[in-house]
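Contents: one structure, followed by commentary.
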Ligand code: PA5
């Protein structure tokens, strides 16, 4: 069942139907490039088949391993950066209690989940080391290349700690590796130490890897039913393959954002009124930023968390430079059912809202903001999701992955490489090497 419907009515004021029809050929060309595997990055299209071509034995191994991790630790540390953590963090944040890490063990359904290796902060690592000192720990280190500095440094530090605490063999039982099938330093370590290892398929790049063990093992440890996510993505892979733009919201989204870009709207704000989408937005930023930002081109993907950011970014969005458009994720059914209480003294003068569901108030803020921003010259694309469940989020993940690939091809870039990421690494490595000498 389709849980996602995209409302383009608030873009029509900015883009005519004729302009939309003019990009139809480009969309069809991009579609063929994906279908026939004839475009740039053609050997990195494995993500298209992940939801349908499932390796059931491997999925079972992930579940079994997740059960073992849940039993063996209080704290599960996921070490990875970029595509090797954002998808897992995004989904875990959506489907676990907002305060789950702070709940006592008896109330939590899973170990506490902490992410590391996504920065080079000494403070972060020091605080983490102190925090886990008296806790049972397991680690999932994730790196496709197996040589990224941030996770490598965190992993070496944590591995040393675990080996001191549990011994080399004991540590090996608590270290899980997700990496390339055949190369990389991490794979060498995993083989030598006999760590349980999961493979990131060769034809799936980091930012498209959330539906591989990269995302699925952490999700399973968190107690999330990843089969439903895969089912949703599988459904989306059929729906969003329709060559009739009228019935394909994913292609229409790609078309509109590229037309808006041509009209000078070169910043896209992905926003939500649900704070637990914060890391989904971060995942989106990496997906689109690394895929499109090359050859002097690309929409700048940014994020807003509403209503919080209406009190920080709202002014600029309403009246600043008119180079923005917004894509808003709207969850139609909120299951928290919390009403504003009535108060006899009414000192805060809020009794006019007494008895109203908090989500109702949030929705009025959403509707009011969309109208204000559209009036102010900011086109809005609304992604309506009927319920916040795994199946729908699976659809949403695939929606953005496919839209990103189509959008990149329309833009004339290779959406599956990231040559620009090497520039800072080269400088950093030469500084670190000089330092060493
Ligand atoms: O999309 C990508 O390929 C990158 O953003 C990577 O995910 C990121 O750089 C981490 O790389 P690795 O998994 O090789 O450590």
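Numbers at a glance
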read-out	value
Within segment 132-148, considering residues that are out of contact with any helix residue (DSSP H, G or I) (no Cβ under 7 Å at 6 or more places or on another chain) and under 16 Å from residue 164 (Cβ atoms), the one nearest to the ligand (Cβ to nearest atom)	132
Residue in segment 388-407 that is in contact with a helix residue (DSSP H, G or I) (Cβ under 6 Å, 6 or more places away or on another chain) and free of Cβ contacts under 8 Å to residues at least 60 places away in the same chain present	no
Pair list, Cβ < 7 Å and 6+ apart or interchain, from segment 19-37 residues that are in contact (Cβ under 8 Å) with a residue 12 or more places away in the chain to residues that are surrounded by 14 or more Cβ atoms within 10 Å (Cβ to Cβ) and not in a helix (DSSP H, G or I)	33/39; 34/45
Segment 300-314, residues that are free of Cβ contacts under 8 Å to residues at least 60 places away in the same chain and surrounded by 12 or more Cβ atoms within 10 Å (Cβ to Cβ)	300, 301, 302, 303, 304, 305, 308, 309, 310, 313, 314
Qualifying residue in segment 292-299 (condition: under 21 Å from residue 256 (Cβ atoms) and touching a strand residue (DSSP E or B) at 6+ places or on another chain (Cβ under 7 Å))	yes
Residue in segment 169-178 that is within 13 Å of the ligand (Cβ to nearest atom) and modelled with pLDDT of 95 or more present	yes
Condition check for residue 87: within 20 Å of the chain's Cα centre (by Cα), in contact (Cβ under 8 Å) with a residue 60 or more places away in the chain, within 16 Å of the ligand (Cβ to nearest atom) and buried (at least 17 other Cβ atoms within 10 Å of the Cβ)	yes
Test: residue in segment 69-82 that is within 16 Å of the ligand (Cβ to nearest atom), within 26 Å of residue 392 (Cβ to Cβ), part of a loop (DSSP other than H, G, I, E, B) and in contact with a strand residue (DSSP E or B) (Cβ under 8 Å, 6 or more places away or on another chain)	yes
Filter pass, residue 303 being within 22 Å of residue 396 (Cβ to Cβ) and either more than 24 Å from the chain's Cα centre (by Cα) or part of a helix (DSSP H, G or I) (or both)	no
Options 248, 203; residue that is more than 18 Å from residue 390 (Cα to Cα) and surrounded by fewer than 20 Cβ atoms within 10 Å (Cβ to Cβ)	203
Those residues of segment 90-136 which are surrounded by fewer than 19 Cβ atoms within 10 Å (Cβ to Cβ), within 20 Å of the chain's Cα centre (by Cα) and under 12 Å from residue 74 (Cβ atoms), in sequence order	101, 114
Residue identified as within 26 Å of residue 269 (Cα to Cα), in contact (Cβ under 8 Å) with a residue 12 or more places away in the chain and in contact with a strand residue (DSSP E or B) (Cβ under 9 Å, 6 or more places away or on another chain) among 338, 317	317
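For every residue, the table says whether it meets (1) within 20 Å of residue 208 (Cα to Cα); (2) outside any loop (DSSP other than H, G, I, E, B).
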{"residue": "13", "(1), (2)": "no, no"}
{"residue": "18", "(1), (2)": "no, yes"}
{"residue": "28", "(1), (2)": "no, yes"}
{"residue": "34", "(1), (2)": "yes, yes"}
{"residue": "39", "(1), (2)": "yes, no"}
{"residue": "43", "(1), (2)": "yes, yes"}
{"residue": "47", "(1), (2)": "yes, yes"}
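The values are calculated or read from the model by the stated rules, or taken from the named source; none is laboratory data. Everything numeric here is computed off the predicted structure, so don't read it as measured data. Quick reminder, even Gly has a Cβ in these numbers, built from the backbone with ideal geometry, and neighbours come from all protein chains shown.
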